[in-house]
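K.L.:
Have a look at this one before I ask anything.
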Amino acid sequence: MNLAVCFKRVPDTTAKIRIASGGKAIDPQGVEFAISPYDAIALEVALRLKEKSGAGEVVGVSMDPEGNDVAIRKALAIGVDRAVLVKGGATFDSHATAQVLAAVLKPRSFDVIFFGKQAIDDDAFQVPTMVAQLLGLPRVNVCTSVEIEGGRAKCRRQIEGGEESVELALPCVISVQKGVNGIHDNRFPTMKGIMAAKSKPVETVAAPAFEPTLELVSLELPPERPPGRIVGQGAAAVPELVRLLKEEAKVL
Amino acid sequence: MRKFKGVDFYDLDPLLSDEERMVRRTVRDFVDDRLLPVIREAWEKGEFPKSLIPQIAELGLFGATLQGYGCAGMNSVAYGLCMQELERGDSGIRSFASVQSGLVMYPIHAFGSDAQKDKYLPRLQSSKIIGCFGLTEPDFGSNPGGMKTRAERKGDGWVLNGTKMWITNADLADIAVVWARADDGIQGFIVERGMKGFETQEIRGKLSLRASDTGEILLRDCEVPEANRLPGTQGLKSALACLNQARYGIAWGAVGAAMGCYEEALEYSKQRIQFTKPIAGYQLVQRKLVEMVTEITKAQLLCLQLGRLKDQGKASFVQVSMAKRNNVFHALEIARMARDILGGNGIINEYSAMRHMCNLETVYTYEGTHDIHTLIIGEHITGIPAYF
């Protein structure tokens, strides 16, 4: 079974985010990057499917504006067999990114191309669907269970008030939800895996040029929270607090 | 839970390779996700959290610097970073890993026969079996050369008699690397639990290293086959070579405990308001925090250079002594200062400073006491031994 997993490097969730001068990008200075958590789950799904089938390989595909391979090495350390690093694409929107990934994936043959359901930085939810469309492949999003059997993928997804089961023919594109196949995180890399990662093959390709169809106007940090207000002290403050909760905050 | 971000005042991170940073990150995440959630209860109950053993084995930490037998073959700096991160969790857990790796797997790898390596190393690496190291005796701690434990030839094998004391993992262990005096000098043996005359007993009532198993090994006419004698040893020197491995890991580990205490005290002091402002805004508290971060930075530099020397085969045992002596001393001071900054909260186990402080009292004493390391370095620089 040949499986591809597309994963995005995003700022670590503990990173302190600053906007770069120009106001259109995050300042990468001092920011540690990690694999987007849903993509990390997709990696784990693919690794377990490969281990269960006992054959084939898992190939990681990731883009990085500077060609930095930290996320790729992490994927290789947890067991991905080889990787394609696409250098470039700093200013790409979802459509341009999907075009690049489709161009990279098209000449390679995979049974399933996995994604996390969304990247946790821009939350666009678009790339898996667009890649499937560009490659002319069937796709299913936000899966909570994935099984591969007899040339078909059997997936389940949560829908309003229930669950949906779908089947699709391979090759196909699948994006996964947290908890898929009981998986909430990727495994820890092993020390041996980390040491072996540097000798696994990584193919670096330059991102082909695609025109963005969206113009990013500006990025802004969320407004600072206004300071709290002290309405009084002790029991005497209760009537005023209740009035404010009722009339101003409208939570009572 | 808040994730630990590390302390890097002197911008040392660029001196680490990508692999070294990934190793540190992995063990750091493991400590946040798996170790810290269970350590408080284990420490309070005085139990080693056994559920961590297979998980640490799965990460590949046991024997991680050794070549072959399923081991990762990583360098000394990466291994040191593992010890640092584990001890940021708890000194007892780092001790377990130090013993399994530096005091059990290392001597078998360095002094064992091929048959012994094939038999024991893969199972130690995967934690299917657990090891302990028997050198110290009730009457011989700083002076191991005076040991009373005897090994006498009997037919094709050996008979061991004696008592070993303060043995980490004694009660958990499936095998013990035991040192005993034979007619032709000190010899090392791999004694298996189940061999006639081998018994262990837990030492109770510890106020330190409570999440670690500490015990005694009793050898009463214990029969050990010749095949279990380590053939490559050269007397006490070989036992001390093992200690050198473990001391190296301790030097790094102490930095981890110190970083944990510093971070806890720093965060607390910025939030705890007394009189009109956070206590971090008072000069006396700032001075303590500055002492802490300065000593951590110096200890990090000692460790990093020691690790690089070790990987070049140039680290001397005296340099290891200096790093162990300095780093543990300051880690203990830092833990005490952190406890102090935390005020009354510092004595509660919701915070880790006092647990680290109690643990470090042991670390200060074991693997060569602070004073013995002073004398090792003193002899080296003056040429005059001052032990007795």
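Read-outs throughout are calculated quantities, based only on the coordinates presented, and are distinct from any laboratory measurement. Since the structure is predicted, the reported quantities are computational estimates derived from the model, not experimental observations. Methodologically, a virtual Cβ is constructed for each residue, glycine included, from the backbone with ideal geometry; neighbour enumeration extends over all protein chains shown.
K.L.:
Between helix B:36-45 and chain B, what is the angle of the helix's C-alpha long axis to the longest principal axis, kept within 0 to 90° and rounded to the nearest 10?
P.N.:
70 degrees
K.L.:
Once each part is reduced to its C-alpha centroid, what is the distance from region A:63-113 to region A:199-220 in angstrom?
P.N.:
Taking the Cα centre of region A:199-220 as reference, the centre of region A:63-113 is 9 Å away.
K.L.:
Which of A:PRO171, A:PRO223, A:PRO239 moves most in a GNM of chain A, Cα contacts under 10 Å?
P.N.:
Answer for the Gaussian network model of chain A: A:PRO239.
K.L.:
Within region B:131-233, how many Lys pairs that are eight or more residues apart, or on different chains, come under 18 Å at the alpha-carbon?
P.N.:
Total qualifying Lys-Lys pairs in region B:131-233 comes to 4.
K.L.:
What is the antiparallel percent of DSSP beta bridges lying wholly in region A:1-139, to the nearest 5?
P.N.:
If I count the DSSP bridges inside region A:1-139, around 20 percent turn out antiparallel.
K.L.:
Give me, ordered by chain and number, the residues 5 or more places off A:CYS143 or on other chains with an amide H under 5 Å from its own placed amide H.
P.N.:
Long-range HN contacts for A:CYS143: A:SER175, A:VAL176, A:GLN177.
K.L.:
Follow-up. Before anything else, pin down the relative contact order of region B:299-380: Cα pairs under 8 Å, at least 6 apart, normalised by residue count, whole percent.
P.N.:
Relative contact order here is 32 percent.
K.L.:
Say we join alpha carbon atoms closer than 10 Å with springs in a Gaussian network model of chain B; which of B:ILE190, B:ILE296, B:ILE372 then has the biggest fluctuation?
P.N.:
Judging by the Gaussian network model, the answer is B:ILE372.
K.L.:
OK, next. Hey, what angle do you get for helix B:114-125 against the long axis of chain B, alpha-carbon based, 0 to 90 degrees rounded to 10?
P.N.:
So the helix axis and the longest Cα principal axis differ by about 30 degrees.
K.L.:
Turning to a different aspect of this structure: Which lysines does A:LYS16 reach when only Cα atoms under 23 Å apart count, and residues fewer than 8 places away in its own chain are ignored?
P.N.:
Within the straight-line cut-off, A:LYS16 pairs with A:LYS8, A:LYS24, A:LYS74, B:LYS3, B:LYS5, B:LYS270.
K.L.:
Search the structure for amide H atoms under 5 Å from the amide H of A:GLU57, placed 1.01 Å from N in the peptide plane, and list their residues when 5 or more places away or on another chain.
P.N.:
Answer set, sorted by chain and number: A:ASN2, A:LEU3.
K.L.:
Could you work out the relative contact order of region A:63-202, using alpha carbon pairs under 8 angstrom and six or more residues apart, expressed as a whole percent?
P.N.:
Relative contact order here is 30 percent.
K.L.:
Charges on Cβ only, +1 for Lys and Arg, -1 for Asp and Glu, centred on the Cα centroid of region B:26-181; of B:ILE39, B:PHE62, B:PHE133, which one is farthest towards the dipole's positive end?
P.N.:
The Cα lying farthest towards the positive end belongs to B:PHE133.
K.L.:
Near the amide H of A:GLY67, under 5 Å away, which other amide H atoms are found, from residues 5 or more places off or on another chain, if H is placed in the peptide plane?
P.N.:
Amide H to amide H, under 5 Å and 5 or more residues apart or across chains, A:GLY67 pairs with A:GLY88.
K.L.:
Next question. Highest mean first, how do A:204-216, A:28-40 rank when packing is the count of other Cβ atoms within 10 Å averaged over residues?
P.N.:
Output ranking for A:204-216, A:28-40: A:28-40, A:204-216.
K.L.:
Residues with beta-carbon under 14 Å from that of A:ARG108, excluding A:ARG108: net charge, scoring Lys, Arg +1 and Asp, Glu -1?
P.N.:
-2
K.L.:
If contacts are Cα pairs under 8 angstrom and at least 6 residues apart, what is the relative contact order of region B:22-98 in percent?
P.N.:
Relative contact order of region B:22-98: 35 percent.
K.L.:
Going Cα to Cα from A:LYS117, which aspartates and glutamates come in below 13 Å? Please leave out same-chain ones fewer than 8 positions away.
P.N.:
Output for A:LYS117: A:ASP39.
K.L.:
If you take every DSSP beta bridge fully contained in chain A, what fraction is antiparallel? Give it as a percent rounded to 5.
P.N.:
That works out to approximately 40 percent antiparallel.
K.L.:
Measuring from centroid to centroid over Cα atoms, what is the spacing of region B:261-319 and region B:144-193 in Å?
P.N.:
40 Å
K.L.:
Here's another thing I want to ask about it. Kindly provide the GluC sites (Glu not before Pro) of region B:341-388 that DSSP labels as loop, not H, G, I, E or B, and whose Cβ sees at most 15 other Cβ atoms within 10 Å.
P.N.:
Counting only loop positions with at most 15 other Cβ atoms within 10 Å, the GluC sites (Glu not before Pro) in region B:341-388 are B:GLU350.
K.L.:
Peptide B:16-28: average number of partner chain Cβ atoms within 10 Å per residue?
P.N.:
Per residue, the number of nearby Cβ atoms from other chains is 4 on average.
K.L.:
Continuing with this model, one more query. Find, among the chymotrypsin sites (Phe, Trp or Tyr not before Pro) in region B:224-278, those assigned to loop by DSSP (not H, G, I, E, B) with at most 16 other beta-carbon atoms within 10 angstrom.
P.N.:
B:PHE275
K.L.:
Local charge sum around A:LEU168 (other residues, Cβ-Cβ under 11 Å, Lys/Arg +1, Asp/Glu -1)?
P.N.:
With Lys, Arg at +1 and Asp, Glu at -1, the neighbours total +2.
K.L.:
Among bridges DSSP assigns within the protein assembly as shown, what percent are antiparallel (round to 5)?
P.N.:
Antiparallel: roughly 60 percent of the beta bridges in the protein assembly as shown.
K.L.:
In whole Hz and in residue order, list the ³J(HN,Hα) couplings for region B:227-233 that follow from phi through the Karplus curve 6.51 cos²θ - 1.76 cosθ + 1.60, θ = phi - 60°; x for Gly and Pro.
P.N.:
These are the phi-based 3J(HN,Hα) values: 4, 9, 7, 6, x, x, 7 Hz.
K.L.:
Oh, and also: At what distance in angstrom do the alpha carbon centres of region B:74-123 and region A:142-191 lie from each other?
P.N.:
39 Å
K.L.:
Still on this structure, I have one more. What aspartates and glutamates could a cross-link reach from B:LYS324, if we take a straight Cα to Cα line under 18 Å and drop same-chain neighbours fewer than 8 places away?
P.N.:
B:GLU85, B:GLU87, B:ASP90, B:GLU295, B:ASP311, B:GLU333, B:GLU361, B:GLU367, B:ASP371, B:GLU379
K.L.:
How large is ³J(HN,Hα) for each residue in region B:165-178, as worked out from phi by the Karplus curve 6.51 cos²θ - 1.76 cosθ + 1.60 (θ = phi - 60°), to whole Hz, x for Gly and Pro?
P.N.:
Residue by residue, region B:165-178 yields 10, 6, 9, 5, 6, 3, 6, 7, 6, 8, 9, 10, 8, 10 Hz.
K.L.:
If pairing requires two Cys Cβ atoms under 4.7 Å apart, which cysteines of chain A are left without a partner?
P.N.:
Lacking a cysteine Cβ partner under 4.7 Å: A:CYS6, A:CYS172.
K.L.:
Okay, next question. Could you work out the local net charge near B:THR369, counting Lys and Arg as +1, Asp and Glu as -1, over the other residues with Cβ closer than 13 Å to its Cβ?
P.N.:
The answer is 0.
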